[in-house]
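Throughout, read-outs are computed from the coordinates displayed, never taken from laboratory work. Fair warning: this is a prediction, and the values are worked out from it, not measured in the lab. Positions of Cβ are backbone-derived with ideal geometry, glycine not excepted, and every protein chain shown enters the neighbour counts.
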2 protein chains.
Amino acid sequence: MASASKKRSPGLRGGSAGECKVAILGFGTVGSSVAKILSEQVHAPLRLTHICNRNVKLKKVDWVPDDVRWTEDFNDVLESDVDVVVEVMGGLTPAGDWIRKALSAGKSVVTANKQLIARSGQELTVLARKMKRHIAYGASVAGGVPVISGLQEGLAGDELFKICGILNGTCNFILSKIEATGADFDKTLAEAQALGFAEADPTDDLEGLDARAKLAILARVGLRSHVPPESITCRTIRGIEPVDFEYSNQLGCTIRQISWAEVHGEHLLAQVKPTLVALTSPLARVQGSQNLVMATGKFGGETVFGGHGAGGHPTAVAVVSDIIAITRVEQGEVRDVPEPAAATPSVSAEFTTRHYLRFTVKDRPGIIAALSGIFEKCGINIDSLLQRPGYLKSSLPFVVSLEACEASAVNKAMRQIAKLDFLVKPCMDLPILD
Amino acid sequence: MASASKKRSPGLRGGSAGECKVAILGFGTVGSSVAKILSEQVHAPLRLTHICNRNVKLKKVDWVPDDVRWTEDFNDVLESDVDVVVEVMGGLTPAGDWIRKALSAGKSVVTANKQLIARSGQELTVLARKMKRHIAYGASVAGGVPVISGLQEGLAGDELFKICGILNGTCNFILSKIEATGADFDKTLAEAQALGFAEADPTDDLEGLDARAKLAILARVGLRSHVPPESITCRTIRGIEPVDFEYSNQLGCTIRQISWAEVHGEHLLAQVKPTLVALTSPLARVQGSQNLVMATGKFGGETVFGGHGAGGHPTAVAVVSDIIAITRVEQGEVRDVPEPAAATPSVSAEFTTRHYLRFTVKDRPGIIAALSGIFEKCGINIDSLLQRPGYLKSSLPFVVSLEACEASAVNKAMRQIAKLDFLVKPCMDLPILD
């Protein structure tokens, strides 16, 4: 870290620190999202200084700071005073070599490279440690879902023995789509490809090779089982038909591509397979390209992490979070929020939401007219009126739902409504979270 | 840290470190769970040295190491060489004073005290920083759900603007119970009290005072909005009736106690209220005393953290994870897994699960008999047989579900089944995750 520069900013999340110079290797979807976040300078001590890519002239954009150096030569990065190298090129080569060179040159590394970390994560961690530098790879599994940090940090105090998850968005998109539409596999795959949720060659996703690399990383990080990804059994999701969802439903289940690892003494059970999961499980409710991981520990039971498993921006959040984690530890900070916010903000409950109002009335003509008049005066629109049969006229519950409006308008209406003589008990007004 | 002792252990999760001496203040449910985890010595560099409680003679247990010092006098802890003081007494006094004294004496602090951190978190963080020590409070919100570390670490790279959650297990137990049973509020509250899910005086939980302290902490940590808990509007869940769930369902919703904060420029919107949430939302599916937090960021979108919000063991996991985080930063470690596992374990997919087998056959007599014979020879029991109407006899799909058995037994049966002449296409066999 450039300790001479002790720039601090009220906008800094998570700790003041000396400036940290960052280079990005690979200016694709993730790389440009990382650059975007760093260029917003919310994370003040992080400063983007280099972007390295082939054909860099074709890649240049005008929204990064002028002093960022664009280069095609990795040696420019290696020989610079960059603190953290972000590797988001993908592939095993030259990414692996470049990471080794960066660590050996005394730079910390953040990578999103699942195939590399699944194979060489342990070796690279040992090298980083030898160099008294750091390597972090939170973006290598489940993109924006902070499961690596969750296992390494939030659940560090437990003894985890089981990890189950949905780690491949392509498979989940296809399976949840077949479930919803009843369309056949090939048609659904073609749709996923047209929408960009599946690649032209979807083999790695469909056969489970992508997910098993991620499972190998989670097994090492969460279960301390260091196994090569190739040792994990995979099964394709090809062959799953709409009829399988019909029968699964009869069994109270649906079908998802589940990555599953369990420690049994010195043995690791692990597989990536299309699997029936109970409809009541959080895994059953994961739709589209979302990811979800459930970790089970001896003491803490089941913990769930869910969110966007892919995409430039979510993955870039994981990358930037890792850079911040490295700057903090190099500054001796634990994950505190040391700087007070710039000012204590004003606080209110003036949310703008739809509302649910349940009235309990002694029924007589004119009730709706009376209520409508009050709502109109308060500038509130009624969205729906619900009345279920089977209640006594002397204590009749019915519901009015309101279009989105400010809480204060509802409160004003409530004060006037409280005076109405047909109410048997106070109106129950609840906001609706959309 | 006692840097002279560089004990390392293959059992150590998340980094080797010098021995770290830990004192526990308060030997109640959480305190004894923390002692239990530390006494298992899986987290090798952590060593429990002191337990401080009133009437300590009545509290003593025989399963902590003999060299742990039991005391009623906080000064024994203060004057010792303890590195980390764990405060799990609860209440504002003397907890606040003791934490200040511990920090001032150069010790780091881990606490589960939500009311104290909601009020004094910022002040205590500043004090810790001044003393070059750390304070961590991951257990103060949502017990075992690693949401504080998730916001501070895993999502540090995002700009979060909204946090919504179910932060009070008592309210969620009551509301999800009314939803499931249709029983009235008072009866459900009494049941919750009988089962230990609600206290004799449940005011803090039902009125939202417990949840708003947690929301104030999350707003500070995740949204950088530092507001006193008293400034957050609360509404009781009393008055919610079974009929409200009926009407909510008509609107595609259910009702939960939702803690909700949103940043709008310099203004914070915040409230804790019973709220309608869409049945498709993860919040709607939280049952019993579970907790769930959804954080929304500018770049990463929605991220979900869920699990056990209370209970001695889950809360103790959060405490121990915080101690580990502090020892790591004091050792200059980022959240790597630096030590290779003791040995590369053997790996297999020999899970014992129920199975789903979908056959597609040319229908004729004797099919079930043929299959049953094979299953019997392989030692597999059939659980159910499902056949839906409306398919052609020439390509008839039906399903056999199997009782739990080893994958290898199913594979053996599959090889024999593949030879049967009535199969129109290969059998689709899927494991069932229970």
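Below, the figures for the structure above:
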item	result
Proxy reagent accessibility, fewest Cβ within 10 Å first, across B:E19, A:E191, B:E87	A:E191, B:E19, B:E87
Nearest 10 degrees, 0 to 90: helix A:312-330 Cα axis against chain A principal axis	60 degrees
Degrees separating the helix B:29-39 axis from the principal Cα axis of chain B, which is the longest one	80 degrees
Nearest-20 debye value, chain A charge dipole, Cβ charges on Lys, Arg, Asp, Glu	1000 debye
Net dipole in debye of segment A:147-308 [+1 Lys, Arg Cβ; -1 Asp, Glu Cβ; about Cα centre; nearest 20]	360 debye
Cβ neighbours within 10 Å from other chains - mean over B:34-43	2
Ordering of A:110-119, B:75-84 by packing [mean C-beta count within 10 Å, highest first]	A:110-119, B:75-84
Residues A:T280, A:T254, sorted so that the one with the fewest Cβ neighbours within 10 Å comes first	A:T280, A:T254
7 Å along Cα→Cβ, label-point gaps from A:L58 to other copies, nm, shortest first	7.8
Residue order, fewest to most surrounding Cβ atoms within 10 angstrom, among B:L402, A:L155	B:L402, A:L155
At 7 Å out from Cα toward Cβ: B:I382 inter-copy label distances (nm, ascending)	5.9
Sequence-distant residues sharing a close amide H with A:C234 (under 5 Å, placed H)	A:V272
Ordering of B:301-309, B:383-391 by packing [mean C-beta count within 10 Å, highest first]	B:301-309, B:383-391
J(HN,Hα) series, segment A:234-244, from Karplus relation 6.51 cos²θ - 1.76 cosθ + 1.60, nearest Hz, glycine and proline x	10, 9, 5, 8, 4, x, 6, 10, x, 4, 5
Within segment B:352-432: Cβ-based charge dipole about Cα centre, in debye rounded to nearest 20 (Lys, Arg +1; Asp, Glu -1)	320 debye
Sparse-neighbourhood loop sites, trypsin sites (Lys or Arg not before Pro) in segment A:174-253 - DSSP loop, at most 16 other Cβ within 10 angstrom	A:R238
Relative contact order computed over segment B:294-430 (Cα-Cα under 8 Å; 6+ residues apart), in percent	28 percent
B:D363-A:H267 FRET efficiency (beta carbon distance; Förster radius 60 Å; 0.05 resolution)	0.90
Cα gyration tensor category, rounded, prolate or oblate, for the protein assembly as shown with a/c compared to 1.5	rounded
Of every Cα-Cα pair in chain A, the percent that sits beyond 32 Å	53 percent
Helix B:169-181 vs. chain B, principal-axis angle (Cα, 0 to 90°, nearest 10)	30 degrees
Gained length - A:S394 relative to A:K412, 0.36 nm times residue gap less alpha-carbon distance	3.8 nm
For segment A:344-432, the spread of Cα positions along each principal axis, largest first, Å	51, 22, 21
Copy-to-copy label separations for B:G265, where each label sits 7 Å from Cα toward Cβ, in nm and ascending	6.6
